[in-house]
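So the structure is just underneath, and the comments pick up after that.
The values are calculated or read from the model by the stated rules, or taken from the named source; none is laboratory data. Remember, predicted model here, so these are calculated numbers, not experimental data. Using ideal geometry, Cβ is built from the backbone for each residue, glycine included, and neighbour counts are taken over all protein chains shown. For accessibility, only protein heavy atoms count, side chains too; no ligands or nucleic acids. Shrake-Rupley method; radii C 1.70, N 1.55, O 1.52, S 1.80 Å.
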Amino acid sequence: MTRVARTPPIIEAPPAVTGLAAFIVLAHAVRVFSPISWQGHMLSLLSLQPDRFWAWAGQGVPGAVPYSSPIEALAPFLTEALLHDGWGAAILNAALIVIFGRLVHASLSIGRRSGAIPFLIVFSVSVMGGSLLHLLTQYPAGSGLIGASGGASGLFAAWVLVQEGRGGQILSKRFLVVFLFFAAVNFALWLMGPSLIGVRMSWQAHLGGFIAGALMFQFYRARRRVL
C-alpha cells in the first residue's frame, strides 16, 4: 500500500489561535467594505472613547456625549480590538497572535484538555487591561482607542514566561528586563509614530496588555500546578 505524504498546513497552530487571528482580519474587512455610514456607526459603537466614558461616569468635559448605558460604556473595553486603522495593523496583530499564541495555547493545555478557553481568556483580559490603562491616562478626555495590539502584547508577555520554563515568574530578572525593553521601545514608537507611520500608537494599551496578559497567564499556570 502506497502512502501519500501529507502536505503540512501553512500555519501550524490550534484552531482557537488561527480562528482568532482570522476573526481579527475578517472584522477589519467587514468594516472596510461596509457603507461609509456603517463604518462610522461601527467606530462609534465599538471603539473606546475616553471623553464619552468619563462623561458617562459623571467626570466628563463640557460637550462630551456620554454613553447611554453600562453595556455601551463597558463593551468597548473588549470590542475595540475588532477595529484597526488599516490592513497593515490588522494583519500585523493577527500574525503576532499566531506567532505567540501557538506556544501559549500549548502551555495552557493539560493532557487532553484543550487550552483554547484559557488562551482566549488571556487574550481578552490583555485587551481589557490595555483599554483600562489607556482610559486612566486619558482622563477626562483624550484620543480614542482601537486595535488588538493590547491582546497581542499580553500574549507576548505570556510567551516570555513560557520561554523561562515552569520556573518563570513575573518578578524574575529576565522578565523584568524584557518588560523594561518593551516599555522603552513603545515610548520611542509613541514619540516617533506620527512622523514615521502617520499615527500615534497607544503605549498604554501595549503596556497594560502586557501586564494583564502576564498576570492572567501566571494565574492559569499556578492553578494548573495545584490541579
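For Gly60, indicate whether it is in contact with a Ser or Thr (Cβ under 6 Å, 6 or more places away or on another chain) and surrounded by 19 or more Cβ atoms within 10 Å (Cβ to Cβ).
Values: in contact with a Ser or Thr (Cβ under 6 Å, 6 or more places away or on another chain): no; surrounded by 19 or more Cβ atoms within 10 Å (Cβ to Cβ): yes.
Spelling it out, it is not the case that Gly60 is in contact with a Ser or Thr (Cβ under 6 Å, 6 or more places away or on another chain) and surrounded by 19 or more Cβ atoms within 10 Å (Cβ to Cβ).
So, in the stretch 47-72, of the ones that are under 23 Å from the mean Cα position of the chain (by Cα) and assigned to a helix (DSSP H, G or I), which residue ends up nearest to Ser153 (Cα to Cα)?
Ranking the candidates gives Pro50 first.
Sort out for me the helices (runs of 4 or more DSSP H) sitting completely within the stretch 73-145 that have 1 or more residues that are touching a Lys or Arg at 6+ places or on another chain (Cβ under 7 Å) and buried (at least 18 other Cβ atoms within 10 Å of the Cβ).
Qualifying helices (runs of 4 or more DSSP H): none found.
Examine the stretch 72-84 for a residue that is among the charged types (D, E, K, R) and either under 26 Å from Phe217 (Cα atoms) or at pLDDT 95 or above (or both), and state whether such a residue exists. Before you say what the answer is, go through the steps one by one.
Restricting attention to the stretch 72-84, the residues satisfying the condition of being among the charged types (D, E, K, R) are 72, 80.
Now restrict to residues that are either under 26 Å from Phe217 (Cα atoms) or at pLDDT 95 or above (or both): 72, 80.
Yes - at least one qualifying residue is present in the stretch 72-84.
Output the residues belonging to the stretch 21-46 that are in a helix (DSSP H, G or I), of a type in the set (A, V, I, L, M, F, W, C) and open to solvent by 80 Å² or more (accessible area, probe 1.4 Å).
Result: Phe23, Leu26, Ile36, Trp38, Leu45.
If you take the residues of the stretch 146-163 that are of a type in the set (A, V, I, L, M) and in a loop (DSSP other than H, G, I, E, B), which of them is nearest to Ile91 (Cα to Cα)?
Ala148
Take Phe175 and decide whether it is open to solvent by less than 60 Å² (accessible area, probe 1.4 Å), farther than 20 Å from Asn93 by Cβ, out of contact with any strand residue (DSSP E or B) (no Cβ under 9 Å at 6 or more places or on another chain) and not basic (Lys, Arg).
Yes, satisfied.
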